[in-house]
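A.B. asks: Here you go, one structure.
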Amino acid sequence: MRKKVFAVLAAAAFLTPAVLAQHAPPTPATLVQHLVDRLTKEGIIDTSQQASASACFLPAVTSNASVEAMLRADHKQLETDLAGDNLGGIETDINAISMLESEIPGNNATALVCLVKLLNPTEAAKLAQGRGMWGFGLTPGPGGPRGGPGGFGGRGPQ
């Protein structure tokens, strides 16, 4: 009996970190690397352009990550204000959320302009013909940084 209990506890001790590690959000650098890898795989950039493309995307992805953290906090505050019928708070929350939501497309557009400046006409045509900025996670929505409908990976604000 003791051996079975010890075996279960030992297994739990080894498996818990692995399970918890799977749920950690990716870092901005990891997101940028995945994006650059996809652009390279699609033939839109070549290996000599990867460092420059990363430099284009990292500021936008980093900024968007902090904006999304603020959005999550504002959505939680909005839920609290809705539950408490705090009309003044609701209006403030909605204005804050609207302002934050408008920052993400601006950040993404800046990164896209930077990328397009790196591309030759053939590569730029591939980007325009192919999945464009929607398919490479540069904008919210389908394939974007926060997933599909409802944002935040379809889970709504956390």
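The values are calculated or read from the model by the stated rules, or taken from the named source; none is laboratory data. Here the structure is a predicted model, which means the values were calculated and not measured. Note that each Cβ is placed from the backbone with ideal geometry, even for glycine, and that neighbours are counted across all protein chains shown.
A.B. asks: Please name all residue pairs, on different chains or six or more residues apart, with Cβ atoms under 9 Å, provided the first residue is in the stretch 27-49 and is without any contact (Cβ under 8 Å) to a residue 24 or more places away in the chain and the second residue is in a helix (DSSP H, G or I) and of a type in the set (F, W, Y).
C.D. replies: Correct list of pairs: V36/F57.
A.B. asks: State which residue is farthest from the chain's Cα centre (by Cα) when the search covers only the stretch 49-66 and only residues that are of a type in the set (A, V, I, L, M, F, W, C), closer than 17 Å to I104 by Cα and surrounded by 19 or more Cβ atoms within 10 Å (Cβ to Cβ).
C.D. replies: Restricting attention to the stretch 49-66, the residues satisfying the condition of being of a type in the set (A, V, I, L, M, F, W, C) are 51, 53, 55-58, 60-61, 65.
Those still in the list that are closer than 17 Å to I104 by Cα too: 56-58, 60-61, 65.
Add one more test, that the residue is surrounded by 19 or more Cβ atoms within 10 Å (Cβ to Cβ), and what stays is 56-57, 60-61.
On the way: C56: 15, F57: 12, A60: 10, V61: 7 Å.
Step by step, filter the stretch 49-66, then rank; the result is C56.
A.B. asks: Sticking with this structure for a sec: State whether one or more residues within the stretch 42-59 are within 27 Å of A128 (Cα to Cα), in a helix (DSSP H, G or I) and of a type in the set (V, I, T). Quick ask: steps written out before the conclusion?
C.D. replies: Initially, the stretch 42-59 is screened for residues within 27 Å of A128 (Cα to Cα), giving 42-59.
Then keep just the ones that are in a helix (DSSP H, G or I); that gives 47-59.
From what is left, the residues that are of a type in the set (V, I, T) are 47.
Yes, some residue in the stretch 42-59 is within 27 Å of A128 (Cα to Cα), in a helix (DSSP H, G or I) and of a type in the set (V, I, T).
A.B. asks: From the set of residues in the stretch 68-107 that are under 30 Å from Q129 (Cβ atoms) and touching a helix residue (DSSP H, G or I) at 6+ places or on another chain (Cβ under 6 Å), which is surrounded by the fewest Cβ atoms within 10 Å (Cβ to Cβ)?
C.D. replies: Looking at the filtered set, the residue picked out is E103.
A.B. asks: Taking the residues in the stretch 22-48 that are surrounded by 15 or more Cβ atoms within 10 Å (Cβ to Cβ), under 12 Å from V61 (Cα atoms) and not aliphatic (A, V, I, L, M) as candidates, determine which candidate is modelled with the highest pLDDT.
C.D. replies: The residue in question is Q33.
A.B. asks: I would also like to ask the following. How many residues are of a type in the set (S, T, N, Q) and assigned to a helix (DSSP H, G or I) when one looks only at the stretch 20-41?
C.D. replies: Filtering the stretch 20-41 down to residues of a type in the set (S, T, N, Q) leaves 22, 27, 30, 33, 40.
Pick out the ones that are also assigned to a helix (DSSP H, G or I) and you get 30, 33, 40.
Residues flagged as of a type in the set (S, T, N, Q) and assigned to a helix (DSSP H, G or I) within the stretch 20-41 amount to 3.
A.B. asks: Further question: Scanning the stretch 108-121 for residues that are over 13 Å from I44 (Cα atoms) and without any contact (Cβ under 8 Å) to a residue 12 or more places away in the chain, which turns out surrounded by the fewest Cβ atoms within 10 Å (Cβ to Cβ)?
C.D. replies: First pass over the stretch 108-121, keeping only residues over 13 Å from I44 (Cα atoms): 108-111, 113-114.
Cutting the leftovers down to without any contact (Cβ under 8 Å) to a residue 12 or more places away in the chain gives us 109, 113.
On the way: A109: 14, V113: 10.
Filtering first and then ranking leaves V113.
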